[in-house]
Structure formats: C-alpha cells, structure tokens
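Report on the following structure.
The values are calculated or read from the model by the stated rules, or taken from the named source; none is laboratory data. It should be emphasised that the depicted structure is a prediction, and the values quoted were computed from it without experimental measurement. Here Cβ is always computed from backbone atoms with ideal geometry, including for glycine, and neighbour counts include all displayed protein chains.
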Amino acid sequence: MERERGILFVLSGPSGVGKGTVCKALRGKDMDIQYSVSATTRQPREGEVNGVDYYFKSKEEFQTMIANNELLEWAEYVGNYYGTPIQYVNETLDQGRDVILEIEVQGALQVRDVFPEGVFIFLTPPSLEELRNRIVGRGTETEELINNRMNVAREEIEMMQHYDYSVVNDQVDCACDRIQAIITSEHCKVDRVTNRYKSLLGDE
Ligand SMILES: Nc1ncnc2c1ncn2[C@@H]1O[C@H](COP(=O)(O)OP(=O)(O)OP(=O)(O)O)[C@@H](O)[C@H]1O
Ligand SMILES: Nc1nc2c(ncn2[C@@H]2O[C@H](COP(=O)(O)O)[C@@H](O)[C@H]2O)c(=O)[nH]1
C-alpha cells in the first residue's frame, strides 16, 4: 500500500500570543508531528540556539536562499526576514509525517497557494491588552519594537478570515487540547480516509 503524505499544519497569530508556548506543550503530547525550523535575519535572543530555534542568517545569506528557491515562503516582518526551508517540509511530508509551521500571516497566505490542502490555524489572544502584557512580560523587545509588533498584530487579526480554524490561547493547556483535537479530526476527514481506502482496495 502506498504511504499517504503527511498533513501540513500552519499555526499563525500575532507575535506574543503564545504560538511557541503552545507548540512546546504539544510536543509533550507524544504526537507524531514534526516542527519546521525557520530561517531568520533577526539577532538571536538570549538562550536561542542556531538550528534549534532558528537558522540565524545574514541578510545576504537569506537573499541567496530566496534566489536558490530554498524557501517555501518568506516575509519581511518588523525589519527582519523570516522564511521556511522547503526541503525539510517536503521530505517530512513525503515520509508520511505531519509538519507544523509557526509563521506570520503573509507567509501563511503564500503557503496556502502552494499547499491548498494544508490546515491553517489562527491563534488569538483573549484581548489586545493581554497580548501586550505577554510581549512585555517576555522581556525580549524594546518599547519601540513592542509598539511595532502590536501595530502588525491588529492587521494580522483582521486576516483571520483566511484561516480554517481559530483557537483562543486563554490557557496554554486548553489551547493545546483544542489544537490536538483539530489535528485528530483532520486525520479523520472523509476525503483523506477515502484516499487511504482507494489504495487499500487497489491492493486486492
Ligand atoms: N496562555 C497563556 N497565558 C499567559 N501567558 C502566556 C500564555 N501563552 C503564552 N504566554 C506567555 O506569553 C509570552 C509570549 O509567548 P510566546 O513566545 O510563546 O509567543 P509567540 O506567539 O511564539 O511569539 P513570537 O511570534 O514573537 O515568537 C511568553 O512569555 C509566554 O510564557
Ligand atoms: N513568514 C514567516 N514567519 C515566521 C517564520 N518563523 C517565524 N515567523 C514569525 O515571525 C514573527 C516574529 O518572530 P520572532 O521569533 O522574532 O518573535 C512571529 O509571528 C513568528 O511566528 C517563517 O519561517 N516565516
């Protein structure tokens, strides 16, 4: 029987809403889902490790990746470039394993064009005030950058209509359970299951 391709999940939502935190909680759930590591030109934060949190690149290196078609999508966000290396995503999906991308909205819309069968989830904050509190509390951005990120956040929330699911991150465990439920239900969708049975019956 031919092995089915994995499912591509895209998790977006404003900076500081808790995408990384919720993904970390998902990792603890022992699910067979792989996490793509993005490339970025932003400076590493304290404790961030190259190849684990991001592939940290110079602007020139990033532009070379674009020119060589090494990125599935890329975007400029608050003065830096961010992008998803395509090879890892394709190879992992071809192995029949799911992949999750944690990316901002402009990039997610590009992925939608290439992977219309992908599953797009938008994580929302309980309120804008709470969003700001979370970015401030993280302690990684200057006041100016916090304001820039909050301005982009407003625009991003308006783009939520382009997603398949919206999940509020009120409490990490609850948000994680909701995303886990979405992943499980996507695996039970009749069109995906039908393909599996087609190849099963074809084997007879
Ligand atoms: N449900 C929650 N309740 C309270 N605090 C939270 C919650 N989820 C995340 N946080 C906190 O909010 C801050 C931002 O979270 P995190 O870094 O995961 O956001 P992010 O969406 O991945 O941000 P970015 O897009 O900038 O990488 C962290 O300090 C985290 O501990
Ligand atoms: N379009 C893409 N956006 C990405 C990617 N990796 C991360 N991101 C998003 O960028 C912002 C800022 O991230 P930060 O680490 O500087 O706080 C946030 O929304 C990330 O989700 C990517 O590969 N492509």
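Remarks
- Of the strands (runs of 3 or more DSSP E) lying entirely inside the range 26-124, those containing at least 3 residues that are within 16 Å of ligand 1 (Cβ to nearest atom) are 71-77, 80-85, 98-102, 119-124.
- Qualifying residue in the range 157-180 (condition: within 14 Å of ligand 2 (Cβ to nearest atom), without any contact (Cβ under 8 Å) to a residue 60 or more places away in the chain and in a loop (DSSP other than H, G, I, E, B)): yes
- Failed item, numbered, when Val22 is tested on (1) more than 29 Å from Ile157 (Cβ to Cβ); (2) surrounded by 17 or more Cβ atoms within 10 Å (Cβ to Cβ); (3) within 14 Å of ligand 2 (Cβ to nearest atom): (1)
- Of all residues in the range 133-150, those satisfying the criterion of being part of a helix (DSSP H, G or I) and within 14 Å of ligand 2 (Cβ to nearest atom) are Arg134, Ile135, Val136, Gly137, Arg138, Leu145, Ile146, Asn148, Arg149, Met150.
- Scanning the range 125-145 for residues that are surrounded by 17 or more Cβ atoms within 10 Å (Cβ to Cβ) and either at pLDDT below 95 or more than 9 Å from ligand 1 (Cβ to nearest atom) (or both) yields Arg132, Glu141.
- Where Val89 falls short, out of the listed (1) among the hydrophobic types (A, V, I, L, M, F, W, C); (2) at pLDDT 95 or above; (3) surrounded by fewer than 18 Cβ atoms within 10 Å (Cβ to Cβ): (3)
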